[in-house]
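Read the structure below first, then the notes.
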Amino acid sequence: PKARAMAAARMGRLRANGCALFVCDVQEKFRGLIHHMPAVIETTSRMVRAANVLDLPVFVTEQYPKALGHTVPEIAKDLGQAEVFSKTMFSMCTPELETAFAAKGGIGQVLLCGIETHVCVYQTCLDLVEKHNVEVHLCVDGVSSQREVDRSTALRRLSQLPGVFFCTSEMATFELVGDAKHPKFKQISSLAKETRPEQLSAL
């Protein structure tokens, strides 16, 4: 069993037990600026609702909300008791979030959505892997930047990092469920069937 667990860790197999969702800076000010922002919003909204179904903890940040606004309402309406952390640093891993993250205990995997891929998302990946030894599962259909070249370059750079795994939102949620007999399968399947805007490319 121990050898199997180690192999699963190397492969990046998602487990609902010990997994959290990070939502990075999906704020109102960026609505008209980010490449394919409707796809980012829809994917992130669906991931938040999936996290709620699967009882995954959700961590949310807002970059300097005084100037950039708060999390878009399409996502905020489903956040429930999730704490939202204001920040000025680019990484989501602020001292306040790190304290809340540590208090949850036992989280070894993070699903990550948000913006911008080449700045805040990228630096969050670095911090989670390097400082916290946490696997990052990056939902490529839920991350973007203002310019496509920045997004694609960041994704190529992240693809080289050990401990960062690329997935899509649907890929991740069905992996977390694992079986059509899972008690939450129908709810997750229903989310997967929702109509989506034009999607982002993988790289």
Counting only protein heavy atoms and leaving out ligands, DNA and RNA, the solvent-accessible surface of ARG156 at a 1.4 Å probe, in Å² to the nearest 10, equals 140 Å²
Computed over the chain, protein heavy atoms only, probe 1.4 angstrom, the accessible area per residue in square angstrom equals 49 Å²
In the range 17-151 the DSSP beta bridges are antiparallel at a rate, in percent to nearest 5, of 5 percent
On the accessible surface of the chain, probed at 1.4 Å with all protein chains in place, carbon and sulfur together account for a percent value of 55 percent
Reported to the nearest 10 Å², ARG196 has, with a 1.4 Å probe, an accessible area equal to 70 Å²
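I need the peptides 17-28, 128-139, 182-193 ranked by packing, meaning the mean over residues of other C-beta atoms within 10 angstrom, with the highest value on top. Could you put the intermediate results ahead of the total?
On the way: 17-28: 22.0, 128-139: 19.2, 182-193: 13.7.
Highest to lowest by the protection proxy: 17-28, 128-139, 182-193.
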Binned at 10 Å from zero, the C-alpha pair distances of the chain give percents of 9, 39, 39, 12, 1, 0
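The values are calculated or read from the model by the stated rules, or taken from the named source; none is laboratory data. From a predicted model like this one, the values you see are computed outputs, not experimental measurements. FYI the Cβ positions are ideal-geometry reconstructions off the backbone, even for glycines, and counts take in every protein chain you see. What goes into the accessible areas is simple: the full protein's heavy atoms, side chains included, and nothing from ligands, DNA or RNA. Shrake-Rupley method; radii C 1.70, N 1.55, O 1.52, S 1.80 Å.
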